[in-house]
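Engineer: Mind having a look at this structure? Questions to follow.
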Amino acid sequence: MIELITQVREEQEDVQAFDEEAARVLGVNLTDVRVLGILDREGRLTASVLAEEAGLTTGSMTTLIDRLEVAGYVRRVRDKVDRRRVFVELTALARERTGKIWGPLGEEALGIAEGYTDEELRLLIDYLARGRNLLKRHKERVRAMGDHRPAQGGGG
């Protein structure tokens, strides 16, 4: 059991390090990378839905979208039916650049998955889904703890 937990923790650290490198190459920060990933997975979304998915306020999401728009990675598109509604979607530039980063990784990951039986894959999917739910619950628990950073300066 300890080996499993160790492997999960090390994978999380490796994912974080990979995403940091991806953010560096893209010229954005980790939150931007998370939002680009959400848009890639879900397709175009309104800013409010995107903020909810990313766990951000709508105000910080507006700033983030502005930043990604300037970088050429997203665009705002008005709904053709309800002109008041605006969607955020990835640009071709974002798809090209993120594809170069995550595409080869995804292809190799599929190759690894092909080495497992359907039953083994179902077990892995179940484990990952339960783990994600666990993380979400504990993220909320930690968020409720508030901010306890030490005060800056003045210590002597």
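Every number here is computed from the coordinates shown, using simple stated rules; none is lab data. The structure displayed is predicted, hence computed values, not measured ones. Backbone-built Cβ (ideal geometry, glycine too); neighbour counts: all protein chains shown.
Engineer: What would the Debye formula give as log10 I(q)/I(0) at q = 0.15, 0.25 Å⁻¹ for the alpha-carbon point model of segment 1-47, no solvent?
Structural biologist: Debye intensities relative to I(0), on a log10 scale: -0.52, -0.87.
Engineer: While we're here: Relative contact order of the chain, please, whole-number percent, based on alpha carbon pairs below 8 angstrom and at least 6 residues apart.
Structural biologist: RCO, the chain: 14 percent.
Engineer: In debye to the nearest 20, how big a dipole does the chain give about its Cα centre with +1 on each Lys and Arg Cβ and -1 on each Asp and Glu Cβ?
Structural biologist: 1100
Engineer: Now for a different question. What FRET efficiency would be calculated for the residue pair residue 79, residue 100, taking the C-beta separation as r and a Förster radius of 30 Å, to the nearest 0.05?
Structural biologist: Numbers: r = 31 Å, r/R0 = 1.03.
Using R0 = 30 Å, I get an efficiency of 0.45.
Engineer: Another question, if that's okay. Filter the trypsin sites (Lys or Arg not before Pro) in segment 89-156 down to the DSSP loop ones having no more than 16 other Cβ atoms within 10 Å, then list what survives.
Structural biologist: For trypsin sites (Lys or Arg not before Pro) across segment 89-156 that sit outside H, G, I, E and B with at most 16 neighbouring Cβ atoms in 10 Å, the list is empty.
Engineer: Work out the charge dipole of the chain with +1 on the Cβ of Lys and Arg and -1 on the Cβ of Asp and Glu about the Cα centre, then indicate which of 57, 105, 128 is farthest towards its positive end.
Structural biologist: 57
Engineer: Using only the alpha-carbon atoms, what does segment 56-102 span along each of its principal axes? Please give whole angstrom values in decreasing order.
Structural biologist: So the extents along the principal axes, rounded to whole Å, are 35, 25, 17.
Engineer: When all C-alpha to C-alpha distances in the chain are sorted into bins of 5 Å, what percent of pairs does each bin hold, rounded to whole numbers?
Structural biologist: 2, 7, 12, 16, 17, 16, 13, 9, 5, 2, 1, 0, 0
Engineer: Okay, next question. What area, in nm² and to one decimal, does the C-alpha convex hull of segment 12-91 cast on average over all directions?
Structural biologist: Working: hull surface 21.6 nm².
For segment 12-91, averaging the hull's shadow over all directions gives 5.4 nm².
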